[in-house]
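Each remark here refers to the structure printed beneath this line.
Every read-out reported here was derived from the displayed coordinates using simple, explicitly stated rules and does not represent laboratory data. In this text, all values refer to a predicted model and were calculated from it rather than measured experimentally. Cβ coordinates were reconstructed from backbone atoms using ideal geometry, including for glycine residues, and neighbour counts include every protein chain displayed.
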Amino acid sequence: MNTVSNTIKLHVEDSGTGAPALFFLHYWGGSSRTWRHVTHSLTPDFRTIAVDQRGWGQSDKPLEGYTLAVLADDAQRLIDSLGLDHYILVGHSMGGKVAQLLASRHPAGLAGLVLVAPSPPSPMNVPLEARQGMVNAYDSRESILATVEQMLAATPLQPEDLQTVVHDSLQGAPAAKAAWPLAASQEDITAQAALIRVPTLVISGDKDKVDPPAVLQQELMTRIPHATLHVLPGIGHLSPLEAPEDLAHQIREFVALRTAVTP
């Protein structure tokens, strides 16, 4: 379905029932479809809501509005429009950084935070020349396949999933493709991350070349109070596609623990 958030239409995949709801934000280059295996595993027991962030998937593709603050505003307005009063934010990579900023605002109803291969709150430590090269990483099928093989995935993706990655990456708006490496990835929200108060689970693949566990230990775990880290062996940056069942299991256990301590 499509819903209006911050005057733009966002495409949403909303399935299942139950509380807390699980609200998913995807990586730079992805869409709500990035989460489809994870949400399929979880929907028998939970309501799952995965959104195409602005500039990606079937959502509107404006020429501007790709700062972390605007992306967080989009998510908050969508959460409000859906009437979620008890939910957990799940953010992957870029979506993880957006989720950190949103969680730092202490929104009503937020019960927990799951960060999957998240971009840390500090600026991405990548030289400008390399970040300029990232702008063109999703220009063609060939460049996308090379990016997946060399950087994003440590294990071969299923053919259907690889095709989804190619399609989603090609479909991204030029402004969205450029905004993350050149601007949003360089935003410093370390002060805001320190304000997060909800229980936080960080999930990382030990073969992640984008945001390795060592980087997360230094740049994220030291900044979010009471965050815990779980490392998936043999997995790269695309854990929602590389290890969806393992990811769903970790989310399910996290929710169960929250339910045990929070009525």
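Some points to look at:
- Net length available on complete extension from T228 to H249 is 6.0 nm, with 0.36 nm assigned per residue and the Cα-Cα distance removed.
- Equivalent ellipsoid, region 2-261 (semi-axes from 5 times Cα gyration tensor eigenvalues, Å): 24, 20, 19
- Counting only residues at least eight positions apart within a chain, or on another chain, the lysines with an alpha carbon under 21 Å from that of K61 are K9, K97, K177.
- Listed residue (V165, G109, L241) projecting farthest to the positive dipole end of region 2-261, Cβ model: G109
- Packing-based order for 29-41, 65-77, using average beta carbon neighbours within 10 Å, highest first: 29-41, 65-77
- Under a model in which nothing but the beta-carbon of Lys, Arg (+1) and Asp, Glu (-1) is charged, the chain shows a dipole of about 420 debye around its Cα centre.
- Computed E for D85/Q218 - FRET, C-beta separation, R0 45 angstrom, nearest 0.05: 0.80
- Mean projected area in nm² (Cα convex hull; one quarter of hull surface) for region 1-92: 5.3
- Normalised by the number of residues in the chain, the mean separation of alpha-carbon contacts (under 8 Å, six or more apart) gives a relative contact order of 22 percent.
- In the chain, helical runs assigned H by DSSP with n ≥ 4 each contribute -39500 (n - 2.57); averaged across all residues and rounded to the nearest 500, the mean residue ellipticity at 222 nm is -11000 deg cm²/dmol.
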